[in-house]
Every structure is written in C-alpha cells, then in structure tokens.
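Here is the structure we will look at, set down as structure tokens.
The values are calculated or read from the model by the stated rules, or taken from the named source; none is laboratory data. Just so it is clear, the model here is predicted, and its values are computed rather than measured. Cβ: placed from backbone, ideal geometry, glycine included. Neighbour counts: every protein chain shown.
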Amino acid sequence: MKRAWLWVILPLVLLIALIGIFLTINPLGPLGVSAPPIENLTVERTVLDDRGISLLVRAGGSEPMQIAQIQIDGAYWEFSQNPTGTLSRLATAWINLPYPWVQDETHHIKLITNTGLSFEHEIAVAVPTPQFSLTRVLAYALLGLYVGIVPVGLGMLFYPSLKALGGQGIKFLLALTIGMLAFLLVDTIEEGLELASKAASAFSGNALVWLVTAASFLAIFTLGRRGGKAPEGTALATYLAFSIGLHNLGEGLAIGAAFAIGEAALGSLLVIGFTLHNITEGIGIAAPLVELRPKFPTFLGLTALAGLPAVLGTWMGAFAFSPLWAAMFLGIGAGAIVQVMVEVGSYLARTARKTGGTWLSRVSFAGFSLGLAVMYATALFVNF
C-alpha cells in the first residue's frame, strides 16, 4: 500500500519541479520570445455615499499591477486604496474617491495603471447605495415575499381544479410542467452567463456556469435516486419547488441590484413582471400532487421552499452583490432544473404507461408547447 502511494506522490513532485525549472531558466529566451505582462482590472462593486465613491476592484492580469491615477468625468482626482500597494493576481482592493458626485447624473471613471493602461467604469445613474439597516432589510424582504411567496402560493391554489383532471389531463399537466421548466432552464443559463461576463476574466465565468450546472445536476440526481427509484408525488414536488426556488434566487438578485443602483422604475417593473411570471410555477409544483391528498402544511412548505429564496436574492442583490457568486448560484439552479425535467419526464412516461398510451402524444406535445408559450408570454413583462 505504501509503495502505491509513493507512485502517486512521485509524479506530482516531479511535475512541480519541472514547472519550477521552466519558470526559473526560461527556455523560451533563446527563441527570442517574450511574454509581456497582461493587465486586467474589473470593478465588482460600486458604493456611493456622503463620503464619495468607493469601488471594489479585482486584478486579473498575469503580473502584479499598480493603480497610479484615476480620472472622474475627465478630471484627475485624489484617491486612497485599501489595502495599499500593488495588486497581485486575483487580489481585491477598495478604491475610495472623495468625489462630490451628483445624484441622478452619469459619472465616468477611468483607472490608470503605472504602465499607462486604462480601464473605464461608468455609473449610469448616481444614487446613494442602500446602507445595511433593519428597515431596509425588512423592506427588501417584503419585495422578495411579494415576488416569490405570493405568486407561487396563488399558483398552488389551482390544485383543487387540477384534481378534476383525468388520465389525459394529468399527461397534459406534466408536459406543461416540463415546458415551463425548459423555459426556466434557458432563462437561468442565459442570466448566469450574462453575470459571468461581468466577473474577472481570470475566473473563466462562462465555463464555470456550465461546469457548476453539470455538477449540480449530477449531485441532485444522485440524491434523488439514492433509494434506487425515481421520486414521485410529494418528493417530486419538493425537488420541483427546490429548483424553482434557486431560479427565484436569481430573480431576487436582479430586483435587489436594480433598486440598489437607483433603477427604481426598472425594479418596480421587475416586481410586477416576476409576480405574473411565477404564478405558473406554483401550478407546476402542484402537478405531481394531483393523485395524492397532501395536508395543508405540505403546501405551505412547498411554497416557502420555492418562494423564500427570492428574499435571500433581494438581500444579496442590494447589499452584497457579486457577479461571480451570483453566476454560480444560477448554475446550481440550472442543474437542479435539468434534474427535475428528467424526473418529471420519467413520471410522465410512467403515467402514460398506466393509461395504455405513450409519453409522446398530441396531448403531451400540446402541454409542452403551452408551457413554453405561457412562460414566454409572462416573460414579456420582465425583459427590457
């Protein structure tokens, strides 16, 4: 056993030694090849208060870099940096600018390094950044409840009418759910990739979203099948609520960030749009329960699981927004949605066999198409 471990450790040690030798002697020198340092700077967060403007920046270049000068609206301005000194690869620092910004105006910032390279950042609408307080926490929580809990609960109220459906009606409803999930999957991945593009390029955000999606799907799928069979009934509804909850986390992030940067009109429209959009999600969660008689606490738990993440999202968007972490959360949500699509599809196939039919029929195609159409139509209230 010890000999086996030796042959695991020895190649790794040799690899590290070879990399060290390569970096030390630079074998490319005789070829006349040189690798100039690459500088990259990303502004991850902007804070505006009565002290001025604060920027959280992250260095993403191949070598340490130093911010030498800063221009605001074409004029050079004094600044302080915390921590001071050069920024090593992937290091972050707060840049504090005692600048008298003007509310509702646009401000252009240019950060210039000691090598003369510049990076631009725009504050489209200057408004005070929300400060952490109990009043604001409660206010954003109410926004999240309005977007998450209320519409999902309203959608769950369709449950008694769904009970009246026959075998073909259940097939239609399950296919409708898969159609809605397909739209949510595309929407979630699109949002994740958009946020990933705003993170430091060194993190390879786009690849990270896809990798997290795949890992999330495999992890949740393994958990769901740990008993050796596919989840049904309440278990399937729980996985549905969980995946939709992760999607609603992303919606909360969008709303919280919109209000935090001063786009109150956009934030209000997002609240209305997501509220209409999420009613259909409650119907989808209720679909696997039509053959059961769940108790009222079950409905409450499923509604909370699907809706409460929107509250967490509004808090994160308003007070601690990070494009990289937001993209990762959305990747997890996308993986969960794929897992639920597989399980609902499996449940649809089993239901079709019980009624002597097949999962692929005109009824299921009509349901899937209607699910896509409904989600697309309600998304018109969200996209701007």
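Number of residues in segment 351-370 that are outside any helix (DSSP H, G or I), surrounded by fewer than 15 Cβ atoms within 10 Å (Cβ to Cβ) and touching a residue at least 40 places away in the same chain (Cβ under 8 Å): the value is 1.
So that you can scan it fast, the table gives a plain yes or no per residue for (1) in contact with a Pro (Cβ under 9 Å, 6 or more places away or on another chain); (2) part of a helix (DSSP H, G or I); (3) at pLDDT 70 or above:
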position	(1), (2), (3)
252	yes, yes, yes
259	yes, yes, yes
270	no, yes, no
284	no, yes, yes
287	no, yes, yes
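Looking across segment 291-316 at every residue that is under 20 Å from residue 232 (Cβ atoms) and not in a helix (DSSP H, G or I), the one that is modelled with the highest pLDDT is identified as 295. Only one of the listed residues (188, 222, 234) is in a helix (DSSP H, G or I), hydroxyl-bearing (Ser, Thr, Tyr), crowded, with 20+ Cβ neighbours inside 10 Å and at pLDDT 80 or above. That residue is 188. The sole residue among 165, 174 that is at pLDDT below 85, of a type outside the set (Gly, Ala, Ser) and not in a helix (DSSP H, G or I) is 165. Residue count for segment 322-350, restricted to those that are closer than 28 Å to residue 43 by Cα and touching a residue at least 24 places away in the same chain (Cβ under 8 Å): 12. Considering only residues in segment 302-321 that are surrounded by fewer than 18 Cβ atoms within 10 Å (Cβ to Cβ) and touching a residue at least 24 places away in the same chain (Cβ under 8 Å), the one that is farthest from residue 246 (Cα to Cα) turns out to be 319. Just wondering, is there one or more residues in segment 69-76 that are free of Cβ contacts under 8 Å to residues at least 24 places away in the same chain and out of contact with any Pro (no Cβ under 8 Å at 6 or more places or on another chain)? Yes, some residue in segment 69-76 is free of Cβ contacts under 8 Å to residues at least 24 places away in the same chain and out of contact with any Pro (no Cβ under 8 Å at 6 or more places or on another chain).
All but one of (1) modelled with pLDDT of 90 or more; (2) loosely packed, with under 12 Cβ neighbours inside 10 Å; (3) of a type outside the set (Val, Ile, Thr) hold for residue 116; state the number of the condition that does not hold. So the condition that residue 116 fails would be (1).
Filtering segment 192-200 for residues that are at pLDDT 85 or above, part of a helix (DSSP H, G or I), touching a helix residue (DSSP H, G or I) at 6+ places or on another chain (Cβ under 8 Å) and more than 15 Å from residue 313 (Cβ to Cβ) leaves a non-empty set.
For segment 140-149, state whether one or more residues are more than 18 Å from the chain's Cα centre (by Cα), in a helix (DSSP H, G or I), small (Gly, Ala, Ser) and over 20 Å from residue 351 (Cβ atoms). Looking for residues that are more than 18 Å from the chain's Cα centre (by Cα), in a helix (DSSP H, G or I), small (Gly, Ala, Ser) and over 20 Å from residue 351 (Cβ atoms), one finds at least one in segment 140-149, hence yes. Listed by position, the strands (runs of 3 or more DSSP E) contained in segment 36-97 that have at least 3 residues being small (Gly, Ala, Ser) and either out of contact with any Cys (no Cβ under 6 Å at 6 or more places or on another chain) or modelled with pLDDT of 85 or more (or both) are 52-59.
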